[in-house]
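What follows is one structure encoded as structure tokens, with my remarks underneath.
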Amino acid sequence: MPFRVIMPDLGAASADSTLLRWLAAGGELVKQGQALFEAESDKATIEIEAGGSGRLVPLVSPGTAVPAGGVIALLLAPGESYPLEDEEPSKVGLPPYAEVPGVGLASQKQIDRLPGRLIITPLARRLARSGGLNPRTLSGSGPRGRIIAADVRAARASPADAPAVAPITPLRAAIARHMGDSAHTVAPVTLTTEVEAEGLVALRRRLQAELAPHAEWASYDLLLARLAAQALSEFPLLNASWGEAGIIFHPQIHIGVAVDTERGLLVPVLKDVPGRSLAELARDLHEMIDRARDGRSLPEDLAGGTFTITNLGGFGIDAFTPIIHLPECAVLGVGRVRAAPVVRGSELAVGQVLALSLTFDHRLVDGAPAARFLARLSQLVQIADRAVQLR
């Protein structure tokens, strides 16, 4: 009996994931554990390994959306052939490659000729995406009509009287859906405060020395996640979610950190923030951010958050109104750390200040408890070098 290759559950909000490309050719002998294909959900692009061994018979074309559990290929044992007398072709996506007329196991050239197949080189696809062009509107000058980089460059150099159309990626569609859901579901209120941040700056310097030669892992996001976790433990409503049966209090504190990537906004989640060392959290966050920016996020990287931090300080922003990441109760917006006049007693001095913006769901939390949470977090920022242990 052939081994069925199925589309795994990638933890996506959408029911489907897209098969991006096969990493082995039709007819190739595949070994268990070998990288077999790449799939993209609305959260991440993931390389999937073969769960068995055998000759590969792809059943689904790259670019096809496939539900979790859908059969996308067979791995044939020695002596087996396809089609099988007792096997129905996959009902998912395009016709099986093996059903191309006169072909037993399809070659890449024959795959390219399948109806509806977009034939484009990887470089051309990247150039089209970066230039806001829909590859399906382009004419290919390569072999068998393949779209090559020169075709994309020519289209980008053409007169700009026609509007550019950027295809909506699964991630962009997911972001749009999540933001729309949040805007139409919660009762958002944003509180903003400015706090002296010398303690936070000092703590970061200590952690940079501790993490050398990986000092860049010591980010303000990491430290604010640790401080926010301490405040959340004192104000559990801010670490809760709205549920149909009642308010859901989460027993652990998992903090998401928003990351800007070429594909769009992703939110890797630091798990059990209060219970782990800063060095361990720093390594995890660094690795998850690298995977997010490379398009290699794991489903578990992006799942399970109970509170989110989003930082626009690197863009020179002080305060803003962040949008709640459902089903969470609140999100913390972080501005830039900047030098500013501060009053200490009766003296005027120059200090380091930081703007914090807390958006919370007024269905769960009233203004006064949310304000007390933000005040407690501000206090922890001020004394961060004394309040947080490195280990």
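Give the residue, chosen from Ser233, Ser277, that is polar (S, T, N, Q) and modelled with pLDDT of 95 or more.
Answer to the selection: Ser233.
What residue, of Pro167, Pro188, Pro135, is surrounded by 12 or more Cβ atoms within 10 Å (Cβ to Cβ), at pLDDT 75 or above, over 30 Å from Val353 (Cα atoms) and under 27 Å from the mean Cα position of the chain (by Cα)?
None of the others qualify; the one that does is Pro135.
How many residues are of a type in the set (Val, Ile, Thr), closer than 22 Å to Phe320 by Cα and assigned to a loop (DSSP other than H, G, I, E, B) when one looks only at the stretch 340-391?
The number of residues fulfilling the criteria is 1.
Does the stretch 58-71 hold any residues that are crowded, with 24+ Cβ neighbours inside 10 Å and assigned to a strand (DSSP E or B), and which are they?
Pro58, the sole residue that qualifies.
Could you please give the count of residues in the stretch 172-209 that are touching a Phe, Trp or Tyr at 6+ places or on another chain (Cβ under 8 Å) and of a type in the set (Lys, Arg)?
So the count comes out to 1.
So Arg144 fits all but one of (1) modelled with pLDDT under 50; (2) more than 31 Å from the chain's Cα centre (by Cα); what number is the exception?
If we test Arg144 against (1) modelled with pLDDT under 50; (2) more than 31 Å from the chain's Cα centre (by Cα), just (1) comes out false.
All but one of (1) buried (at least 22 other Cβ atoms within 10 Å of the Cβ); (2) of a type in the set (A, V, I, L, M, F, W, C); (3) modelled with pLDDT under 90 hold for Leu298; state the number of the condition that does not hold.
The failed condition is (1).
Hey, among Arg336, Arg372, which residue is farther than 23 Å from Leu278 by Cα and modelled with pLDDT of 95 or more?
Arg372
I'd like to verify a number: residues in the stretch 176-192 that are in a helix (DSSP H, G or I) and more than 16 Å from Thr308 (Cβ to Cβ), how many?
Counting residues in the stretch 176-192 that are in a helix (DSSP H, G or I) and more than 16 Å from Thr308 (Cβ to Cβ) gives 4.
Do we have Ala240 as crowded, with 21+ Cβ neighbours inside 10 Å and more than 22 Å from Val259 (Cβ to Cβ) here?
Criteria met by Ala240.
When the residues of the stretch 337-348 are filtered to those that are out of contact with any Gly (no Cβ under 7 Å at 6 or more places or on another chain) and within 19 Å of Gln379 (Cα to Cα), which remaining residue is surrounded by the fewest Cβ atoms within 10 Å (Cβ to Cβ)?
Here the answer is Gly345.
Which is crowded, with 22+ Cβ neighbours inside 10 Å, out of contact with any helix residue (DSSP H, G or I) (no Cβ under 6 Å at 6 or more places or on another chain) and farther than 30 Å from Glu38 by Cβ, of Gly333, Gly367, Gly316?
Gly333
With the structure loaded, tell me whether Ser357 is of a type in the set (S, T, N, Q), more than 30 Å from Gly246 (Cα to Cα) and in contact with a strand residue (DSSP E or B) (Cβ under 9 Å, 6 or more places away or on another chain) or whether it fails that test.
Considered against the rule, which asks whether it is of a type in the set (S, T, N, Q), more than 30 Å from Gly246 (Cα to Cα) and in contact with a strand residue (DSSP E or B) (Cβ under 9 Å, 6 or more places away or on another chain), Ser357 comes out as no.
The values are calculated or read from the model by the stated rules, or taken from the named source; none is laboratory data. What you see is a predicted model; the values in this text were computed from it and never measured. All Cβ positions, glycine included, derive from the backbone under ideal geometry; neighbour counts span all protein chains shown.
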